[in-house]
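Colleague: I'd like to ask some things about the structure below.
Read-outs: derived from the displayed coordinates by stated rules, not from any lab. What you see is a predicted model; the values in this text were computed from it and never measured. Quick reminder, even Gly has a Cβ in these numbers, built from the backbone with ideal geometry, and neighbours come from all protein chains shown.
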Amino acid sequence: EKGGHDYFMLKEIEEQPEALANTLRGHFDGGRIVLDEQRLTDQDLRDVDKVFVVACGTAYHSGLIAKYAIEHWTRLPVEVELASEFRYRDPVLDRDTLVVAISQSGETADTLEAVRHARGQKARVLAICNTNGAQIPRESDAVLYTHAGPEVGVAATKTFTSQVAANYLVGLALAQARGTKYPDEVAREFAELEAMPAAVHKVLSTVEDVRALGRRIADSKAVLFLGRHVGFPVALEGALKLKELAYMHAEGFAAGELKHGPIALIEEGLPVVVVMPSPKGRATLHAKLVSNISEIQARGARTIVIAEEGDDTVRPFADELIEVPAVPTLLQPLVSSVPLQVLAAEIARARGYDVDKPRNLAKSVTVE
Ligand code: F6R
């Protein structure tokens, strides 16, 4: 059943190229991005003047990534908020607000309440969901389904990367409706997305090396994760996976915050995972991160660096190096989050835990 794998999660991690391809399939037709159940008109999309993304847990991390792409492509302000906070704050919403609700199960109580609150305030709601006909899509104005297939492991993996891809489709649909991107640019961005299943497939060739690394660091007492720009939500997601599966203290930080506090945590032998931006695509940020890594390495950290293949500047500072293929910056989370999933699962297994059924957690959280 696990397809010869030690645990379902590994099978699902390896299904990501297919899940991504399925999520993208059929959404570019006649030269245009098309969503699934679209009960919003093009005029509704043109009228949008602000976007909120609401979600919980891993889905929230996919939303944090979406912000970079949607703001860049549409010039609309995007706020990303935990559904449980959004609902009980008094967010400023009206009929020109688009609320994107992301939920794998489509049944998460906090996200559902956020959707109801938003609709009560006349905002338009677009759901991104992996479960056909679930409650959240039923109560939304438009739906985009991720087609990741059923996920058995409690920890979200293929549904996470599929959410990231779906979020990009929403960003492109908005850019197309608003005219902030020309049709040929939308087509080009879609083609970049379509190349991602092959890129993720390439990352999967590192699985056994990453598993071996996981076993080597499995008895650490904590692991820190650092990233910048889209690498920051990837760091948060890497830390969440490790907490939920390996029951270890794990924290994700924006690398630029290091000197503002977290560097005090660095001690001899502490594993620190660093998600590097592209040395070509984001040269300035790349240089800043190289300097961060050298600082933490000098203070004794064991640096585990996820970097674009061929990024030689980072080598001297990487105690462990995991290479991922070069892809456009906004799409980098689709490749860089994969080794972090493998790392968390294998550390959990090495510590003797049930990777597919972590303690205290349920696949779908239907109470607030
Ligand atoms: C983490 C995980 C959870 C879910 C969260 C939201 O691996 O699975 O953090 O992402 O409970 O669930 P959905 O997406 O079903 O709303």
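Colleague: According to the Cα gyration tensor, what semi-axes, each the square root of 5 times an eigenvalue, does the equivalent ellipsoid of region 37-87 have, listed from largest to smallest in whole Å?
Modeller: Semi-axes (√(5λ), whole Å): 21, 14, 10.
Colleague: So if R0 is 25 Å, what FRET efficiency would residue 182 and residue 94 give, r being the distance between their Cβ atoms, rounded to the nearest 0.05?
Modeller: 0.30
Colleague: Quick one, what does Rg over Rh come out to for the chain if you take C-alpha atoms and the Kirkwood Rh?
Modeller: My calculation puts Rg/Rh at 0.96.
Colleague: Could you pull the Cα extents of region 256-368 along its three principal axes, largest to smallest, in whole Å?
Modeller: So the extents along the principal axes, rounded to whole Å, are 44, 34, 30.
Colleague: In which sequence would 201, 286 go, from the one with the fewest C-beta neighbours within 10 Å to the one with the most?
Modeller: Fewest-to-most Cβ neighbours within 10 Å comes out as 201, 286.
Colleague: Which lysines, on any chain, are close to residue 11 with Cα under 26 Å apart, when same-chain ones fewer than 8 places away are left out?
Modeller: Filter leaves 2, 158, 202, 241, 243, 357, 363.
Colleague: So what J values fall out for region 249-262 if you push phi through Karplus, 6.51 cos²θ - 1.76 cosθ + 1.60 with θ = phi - 60°, rounded to Hz, Gly and Pro as x?
Modeller: 5, 9, 9, x, 10, 6, 4, x, 8, 3, 6, 8, x, x
Colleague: Percent of Cα-Cα pairs per 10 Å bin, from 0 to the last occupied bin, for region 26-152, please list those.
Modeller: Percent of pairs per bin, in order: 13, 48, 34, 5, 0.
Colleague: Rounded to the nearest 5, what % of DSSP beta bridges with both residues in region 11-105 are antiparallel?
Modeller: Counting DSSP beta bridges with both partners in region 11-105, the antiparallel share is about 15 percent.
Colleague: On to the next question. Using a ≥ b ≥ c from the Cα gyration tensor of region 82-179 (square roots of the eigenvalues), is it rounded, prolate or oblate, where a/c under 1.5 gives rounded and otherwise the larger of a/b and b/c decides, a/b for prolate?
Modeller: Oblate, since a/c reaches 1.5 and b/c is not below a/b.
Colleague: Evaluate 2.2 N^0.38 Å with N set to the residue count of region 224-281, then give the Cα radius of gyration divided by it.
Modeller: Working it through for region 224-281, the quotient is 1.12.
Colleague: For residue 52, list long-range residues whose amide hydrogen, built 1.01 Å from N in the peptide plane, is under 5 Å from its own amide hydrogen.
Modeller: Residues meeting the amide H criterion: 79, 98, 99, 100.
Colleague: Give the cross-link partners of residue 50 among the lysines, using a straight C-alpha distance below 21 Å as the criterion and excluding same-chain residues fewer than 8 apart.
Modeller: Straight-distance partners of residue 50: 67, 122, 181.
Colleague: Hey, another quick one. With θ set to phi - 60° and the Karplus curve 6.51 cos²θ - 1.76 cosθ + 1.60, what are the ³J(HN,Hα) couplings of region 337-350 in order, to the nearest whole Hz, using x for Gly and Pro?
Modeller: Rounded to whole hertz, the list is 6, 5, x, 5, 5, 5, 4, 4, 5, 6, 4, 4, 5, 5.
Colleague: So, one more: Sticking with the crude label model, points 7 Å out along Cα→Cβ, report the distance from residue 361 to residue 42 in nm, one decimal please.
Modeller: Distance between label points: 4.3 nm.
Colleague: Another question, then. Which FRET efficiency, nearest 0.05, do residue 350 and residue 201 yield, Cβ-Cβ r, R0 22 Å?
Modeller: So the FRET efficiency works out to roughly 0.30.
Colleague: Need one number: convex hull volume per residue for region 161-252, Cα atoms only, in Å³.
Modeller: Spread over its residues, the Cα hull of region 161-252 gives 109 Å³ apiece.
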